[in-house]
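Student: Below are the structure tokens for one structure; questions will follow.
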Amino acid sequence: LYVWAHCLVGTPNCVQDHLSGDITQKGYEKKRSKLIRAYVPHAGGNLATSDPNTHQLSSQHRSAGPMSHRAPLGPPSAARFHRRRTSGTRDERYRSDVHTEAVQAVLARHVERKVAVPMPSKRRSLVVQTSMDAYTPPDSSSGSEEEAGPGDDMSGMEHWMSRPSQLGPAHLGSTSSSSSSTQSGGSGNAGRLADSLAHTHISHLAHTHLAHTHLAIRSRSPLNLSGLPSVSSSGLSGLFPPAGVPVSSRVSAKIQQLVNTLKQPRRPPLREFFVDDFDELLEVQQPDPNQPRPEGAEMMPVRGEALGVVTNWPPSLEAALQRWGTISPKAPCLTSLDTAGKPLYVLTYGKLWSRSIKLAYNILHKLGSKQEPMVRPGDRVALVFPNNDPVAFMVAFYGCLLAEVVPVPIEVPLSRKDAGSQQIGFLLGSCGVTVALTSDACHKGLPKSATGEIPQFKGWPKLLWFVTESKHLSKPPRDWFPHIKDANNDTAYIEYKTCKDGSVLGVTVTRIALLTHCQALTQSCSYTEGTTIVNVLDFKKDVGLWHGILTSVMNMMHVISVPYSLMKVNPLSWIQKVCQYKAKVACVKSRDMHWALVAHKDQKDINLSSLRMLLVADGSNPWSISSCDAFLNVFQTKGLRADVICPCASSPEALTVAIRSSQPPGRGVLSMQGLSYGVVRVDTEERLSVLTVQDVGTVTPGGLVCVVKPEGVPQLCQTDEIGELCVCSIATGTSYYGLTGMTKNTFEVYPVSSGGGLISEYAFVRTGLLGFIGPGGLVFITGKMDGLIMVSGRRHNADDIVATALAVEPMKFVYRGRIAVFSVTVLRDERIVVVAEQRPDSTEEDSFQWMSRVLQAIDSIHGVGVFCLALVPANTLPKTPLGGIHLSEIKQLYLEGGLHPCNVLMCPHTCVTNLPKPRQKQPEIGPASVMVGNLVSGKRIAQASGRDLGQTDDNDQVRPYFLFLSEVLQWRAQTTPDHVLYTLLSSRGAVSSSLTCLQLHKRAERVAALLMERGGLQEGDHVALVYPPGIDLIAAFYGCLYAGCVPITVRPPHPQNISTTLPTVKMIVEVSHSACVMTTAVICKLLRSKEAMATVDIRNWPPVLDTDDLPKKKPPALYKPTNPDGLAYLDFSVSTTGMLAGVQMSHNAVGAFCRSVKLQCELYPSREVAICLDPYCGLGFVLWCLCSVYSGHQSILIPPVELESNPALWLLAVSQLRVRDTFCSYSVMELCTKGLGLQTEALKGIITTGSRLNDDGKHCFLLGDGRKSTKLAAQFCL
């Protein structure tokens, strides 16, 4: 601009001076004042020019006042724009007085006041781009700060001001650009002018030119005004908004940006950019062509016997209570027992009737106010009673029925963090429960805050706790009486059900279903008045509620309730009560029968002849048959008959499905393989993988049962096909409370035949039970839907796997039989996880052996692998209120990593068989092709790769010249014969032996001579090397390479456990087809000992060569391999499941392996590495025998067995020898942690500070099998 000012006033010399060099600010101000001094007005108002025209123009301008024609301030955005450029102060370098004066002259012609106009999203000048664009006008706020007239030479001014008029006739009004430029100083004002024109009606010419602008504004697209013509501002007179009504350009810009965003097409979610080809990448499990398939005809629905109509049956359960309460008030209804087995309270029917009426009155009239009672008929209330107080629960339940209130029985929350407590709270909240009924003793035992109030449990709604004891209740008026109606479709009660995922649902049971169910049970079980029942089950739900609380009242029976606390103290208590009360019916579970068998020896004078029905509530569990058979065998001599044991099948949704009453029992031995494919196959080969199932009787009276396919359309199964049982009956649940969708899938099922037609116009209810209908209409249950695990298309039942695991010495390792089996999803398939509590007295090694046997048993019997087997300390798994394990909580802890197991065995290699296909490297992939092409088409371009082994380092002298490890040893023996490769330490830390390159080469030659002369072996023969960890093993290995034989390293048998370890040695020798066995004299003597001969006869071994006495002559020639892909050695290992696996290692693979270790660990001849590993397989063998020869570093060998006598050997060796890197196993670290945990202070004085492992540059490499966690490493670091 300084140069332009010189050009404008015609001072070329000054321009040349300025261009010749830089100028300071002070010098610039001095020259500027000198140049424009003639054009600056004097204080008197006279101009420094004699031009009259110019004088007149300036006088008119001054007469209006210095502030009268100042342009208004620009919009906020424009002001901010200038502030950014001027950094808060005006920069005089961007000031032109000439242009300011010209603009003021133009503004003097306009009488209207200009206001700020909306700013478009893109600001461009109305005129075409000319050299004028290079001019930056001054700030409009200082337009009259320094008044000045035009100079003497107006040619320059006229030249600049006339440029817009030279654009052609279409570009009218050159002064419009000047006037608009004063608003905000630049092309932005021209854009604002165009924006204002879009909202006004101007002359025809202007309207014609701005039509496209108006459309552009309406579409809110960025404006491109570079080609628009200029419009004379004189045509805009009176069309601007009135004064004082500014238009905010900031708001306009934001609104326009918002509209632009909304007009843009919606971007799809990120996942829609990808094609889900994961299924294509996984290995698809092909179906077994030999798998069994159903062959029977399509099953027909089975109907139970007709529900008989008895004249004296009450119209409702409340009517039955009224009848017995008034006719037989002294008859015993319920007897509760204390923990000693003595009667605690006998509830008569009269007391039950009167107390229930009293409670019903208080529920309806004493909660809340008369105008706004808290509980109305039809509302839901929670029943919170402990398992040892059936009397209070029974009174509360019937009190709710009489008050027409819906009871929701739940378990007592013992703490605010009970397992599943939050899900129970969700059920209460969804049911709208605001009142909880409880007993006085239970209320006192609930957790309370410091103020004595019961805190709100996690996830629970706010509850009013109401005690139901009579002393806390008001007596109802004499004229008040509950309204007893006939059974209808109103909800009678809601029973909670815990799903597989831990969610809690509420199953609603109507009053007509409740009455019909009691009638069906009465008919099936032949209940009569005065029958005595011993109930061991939970009286709040399922079979215990149906028989012990509901059906008993309908038939005026006497129930002896045995609490679970008494069963834990005396498992035989229920049998004692059967004998004491001459009970005819007993309701138990198979576990109660099992624990009674354990304790029956201490009890005498047992007589079970009075029992006519022993109801097994969990008879649907196929494994309950063992307890039933064992119980019958023991107590048959005590008067128990075979037809007394009556298993039943039930579910919360369908209530009682089937029950065995008087018909003879039926059973079958089924193939587990067939069951896993969903078919029924009777085992005829007496194999181990079988499941013996017993029938659960026939369908309950009034019911219709069919079997449908578990997945997909509910189509009828074939007669020999396993499916889910569905029931059509009045005596079933009606819905999941508040869950319409789930209700439709479970309670509104319409089975279809193979032809697609409905088998009934009435809806069926899914029971959640898997099974089939056998001959004679007998129902057989093989499992539950909640326990179903689908692995690779095969069905496995969790109960079956639990039974298999418990069969492996459960009393020795599993604490109280607490085992949880569930599945987790890995690679789109379910994987089995087993979690068990470990007994406190079990050692880690014993537990690990038990875990290995469990894996073997599950694999052999079920034909499926276990993904994870974890043992946790005793009493650490979440429990249910009745003491069982809480499966869903355990699974959640497993997924969150909160189980904290003490022993873990992960076996993904045995069960994850659908691994993804190898990743394919895509050539020439750039960022654009990633987002547009490859990711959209689903290509798996991600990959991970290590360093390229093909690259040769400058210090790598092995790879360029030698392909075989035997050649490398020969080369080192010639070039560096005295370089020490191996040093073996004794248990005291002293060097017991060492090997240089030349010594190893010579010993290998002598071993090769032994194999050729005494062994008579040929090229390619296999040789088993049975050596303890040491240097002899290394020499024997390279001797085999020199002789052309294939070595196999084998762990020698343990002298103190020959009978267990020797068969493994023999197995490896046989599987590897070894032509001979090389070992030491000590092991040779051990193999010929009597104990070894009793296990494996020495005559069955191949020739055994003793290498303690080697020949002194060399072999005639050393074998030189010719094929890099030829076999170098065999690597055998025994897995944790006892399976033997062998790997063939070629010469090329050996070289690549050694080179990889060398590059990763930076090994070279001057390095020293301490190795404390077993040298028989895997990386341990490679580090012990191969890497030193390849890389040339010195290996300090520390046999792990030596740490048993000296746990500090490894740490002392690492410290004193000052090695940089060391390799060890988890067992070595564990020995150091346990053996030296109390000696750390003493070791600090021995271990030098400069050689500690945690110093910079030092590494401790851990080699493990996955059994241990990071806990051991953390303990070692501490």
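Student: Residue 609 versus (1) over 18 Å from residue 531 (Cβ atoms); (2) polar (S, T, N, Q); (3) open to solvent by 30 Å² or more (accessible area, probe 1.4 Å): which is the lone unmet condition?
Tutor: Result: residue 609 fails condition (1) only.
Okay, residues lined up against (1) closer than 16 Å to residue 770 by Cα; (2) in contact with a strand residue (DSSP E or B) (Cβ under 6 Å, 6 or more places away or on another chain):
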| position | (1), (2) |
| --- | --- |
| 657 | yes, yes |
| 660 | no, yes |
| 663 | no, no |
| 669 | no, yes |
| 674 | yes, no |
| 677 | yes, no |
| 680 | yes, yes |
| 691 | yes, yes |
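Student: Identify, please: which residue in the stretch 976-1018 is acidic (Asp, Glu) and modelled with pLDDT of 90 or more and is, among those, most open to solvent (accessible area, probe 1.4 Å)?
Tutor: 978
Student: Considering 545, 566, 521, which residue is within 41 Å of the chain's Cα centre (by Cα) and within 23 Å of residue 487 (Cβ to Cβ)?
Tutor: Unique residue meeting the criteria: 545.
Student: Name every residue in the stretch 697-709 that is open to solvent by less than 20 Å² (accessible area, probe 1.4 Å) and either of a type in the set (Asp, Glu) or in contact with a Leu (Cβ under 8 Å, 6 or more places away or on another chain) (or both), in order of residue number.
Tutor: Passing the criteria: 697, 700, 701, 705, 706, 707, 708.
Student: Further question on the same structure: Can you tell me how many residues within the stretch 1075-1104 are touching a residue at least 60 places away in the same chain (Cβ under 8 Å), open to solvent by 20 Å² or more (accessible area, probe 1.4 Å) and not in a loop (DSSP other than H, G, I, E, B)?
Tutor: 1
Student: Output the number of the condition that residue 511 fails; it satisfies all remaining conditions of (1) modelled with pLDDT under 95; (2) of a type in the set (D, E, K, R); (3) farther than 15 Å from residue 394 by Cα.
Tutor: (1)
Student: Could you list, in sequence order, the residues of the stretch 1036-1071 that are of a type in the set (S, T, N, Q) and either surrounded by 19 or more Cβ atoms within 10 Å (Cβ to Cβ) or outside the structural domain of residue 997 (by the TED database) (or both)?
Tutor: 1049
Student: Next up: Inside the stretch 456-532, counting only strands (runs of 3 or more DSSP E) that do not spill past its ends, which hold 2 or more residues that are among the aromatic types (Phe, Trp, Tyr)?
Tutor: So the answer is 464-467, 491-498.
Student: Which one of the conditions (1) on the phi < 0 side of the Ramachandran plot; (2) modelled with pLDDT of 90 or more; (3) crowded, with 23+ Cβ neighbours inside 10 Å does residue 627 fail to meet, given that it meets all the rest?
Tutor: In the conditions (1) on the phi < 0 side of the Ramachandran plot; (2) modelled with pLDDT of 90 or more; (3) crowded, with 23+ Cβ neighbours inside 10 Å, residue 627 misses (2) alone.
Student: Look through 326, 348 and report the one residue that is more than 30 Å from residue 566 (Cα to Cα) and either among the polar types (S, T, N, Q) or modelled with pLDDT of 95 or more (or both).
Tutor: Of the residues listed, the single one that is more than 30 Å from residue 566 (Cα to Cα) and either among the polar types (S, T, N, Q) or modelled with pLDDT of 95 or more (or both) is 326.
Student: Could I ask something else about it? Check whether at least one residue in the stretch 644-660 is more than 26 Å from residue 295 (Cα to Cα) and modelled with pLDDT under 90, and report yes or no.
Tutor: So far as the stretch 644-660 goes, no, none of its residues is more than 26 Å from residue 295 (Cα to Cα) and modelled with pLDDT under 90.
Student: Just give me the residues in the stretch 743-766 being more than 16 Å from residue 712 (Cα to Cα), free of Cβ contacts under 8 Å to residues at least 24 places away in the same chain and open to solvent by less than 80 Å² (accessible area, probe 1.4 Å), in sequence order.
Tutor: 743
Student: Now, a different point. Mind listing just one residue for me: the one in the stretch 533-555 that is touching a strand residue (DSSP E or B) at 6+ places or on another chain (Cβ under 8 Å) and outside any helix (DSSP H, G or I) and, of those, most open to solvent (accessible area, probe 1.4 Å)?
Tutor: Taking the candidates together, the pick is 541.
Yes or no, residue by residue, for (1) in a strand (DSSP E or B); (2) at pLDDT below 90; (3) touching a helix residue (DSSP H, G or I) at 6+ places or on another chain (Cβ under 8 Å):
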position	(1), (2), (3)
780	yes, no, no
789	yes, no, yes
816	yes, yes, no
831	yes, no, yes
836	yes, no, yes
852	no, yes, no
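Student: It is to be established whether one or more residues within the stretch 1170-1192 are assigned by the TED database to the domain that holds residue 1047, open to solvent by 20 Å² or more (accessible area, probe 1.4 Å) and assigned to a strand (DSSP E or B).
Tutor: No, there is no match, as no residue in the stretch 1170-1192 is assigned by the TED database to the domain that holds residue 1047, open to solvent by 20 Å² or more (accessible area, probe 1.4 Å) and assigned to a strand (DSSP E or B).
Student: What's the number of the condition residue 386 fails, among (1) in contact with a strand residue (DSSP E or B) (Cβ under 6 Å, 6 or more places away or on another chain); (2) open to solvent by 30 Å² or more (accessible area, probe 1.4 Å)?
Tutor: If we test residue 386 against (1) in contact with a strand residue (DSSP E or B) (Cβ under 6 Å, 6 or more places away or on another chain); (2) open to solvent by 30 Å² or more (accessible area, probe 1.4 Å), just (1) comes out false.
Student: Being among the hydroxyl-bearing types (Ser, Thr, Tyr) and free of Cβ contacts under 8 Å to residues at least 40 places away in the same chain, is that true of even one residue in the stretch 539-553? I'd like the intermediate steps shown before the answer.
Tutor: Step one: of the stretch 539-553, the residues among the hydroxyl-bearing types (Ser, Thr, Tyr) are 551-552.
Still in the running and free of Cβ contacts under 8 Å to residues at least 40 places away in the same chain: 551.
The answer is yes, given that some residue of the stretch 539-553 is among the hydroxyl-bearing types (Ser, Thr, Tyr) and free of Cβ contacts under 8 Å to residues at least 40 places away in the same chain.
Student: Identify, from the list 439, 449, the residue that is open to solvent by less than 30 Å² (accessible area, probe 1.4 Å) and among the polar types (S, T, N, Q). Quick ask: steps written out before the conclusion?
Tutor: Details: 449 fails: open to solvent by less than 30 Å² (accessible area, probe 1.4 Å).
Result: 439 is the single residue among 439, 449 that is open to solvent by less than 30 Å² (accessible area, probe 1.4 Å) and among the polar types (S, T, N, Q).
Student: Kindly indicate whether residue 618 is acidic (Asp, Glu) and closer than 24 Å to residue 344 by Cα.
Tutor: It is false that residue 618 is acidic (Asp, Glu) and closer than 24 Å to residue 344 by Cα.
Student: Name the residue, out of 1072, 1146, that is touching a residue at least 24 places away in the same chain (Cβ under 8 Å) and of a type in the set (Gly, Ala, Ser).
Tutor: Working: 1146 fails: touching a residue at least 24 places away in the same chain (Cβ under 8 Å).
Matching residue, one of 1072, 1146: 1072.
Student: Can you pull out the residues in the stretch 782-820 that are of a type in the set (Lys, Arg) and either touching a Ser or Thr at 6+ places or on another chain (Cβ under 9 Å) or free of Cβ contacts under 8 Å to residues at least 12 places away in the same chain (or both)?
Tutor: Passing the criteria: 784, 794, 795, 812.
Student: Based on what the data block shows, is residue 566 open to solvent by less than 10 Å² (accessible area, probe 1.4 Å), within 24 Å of residue 393 (Cα to Cα) and among the aliphatic types (A, V, I, L, M)?
Tutor: Yes; evaluated as a whole, the condition is true for this residue.
Student: So, of the residues in the stretch 646-678 that are farther than 30 Å from residue 493 by Cα and part of a strand (DSSP E or B), which turns out to be nearest to the chain's Cα centre (by Cα)?
Tutor: Looking at the filtered set, the residue picked out is 671.
The values are calculated or read from the model by the stated rules, or taken from the named source; none is laboratory data. Everything numeric here is computed off the predicted structure, so don't read it as measured data. Neighbour counts are summed over all protein chains in view; Cβ atoms, including those assigned to glycine, are modelled from backbone coordinates with ideal geometry. Remember, those area values only see protein heavy atoms, side chains included, never the ligands or the DNA or RNA. Shrake-Rupley method; radii C 1.70, N 1.55, O 1.52, S 1.80 Å.
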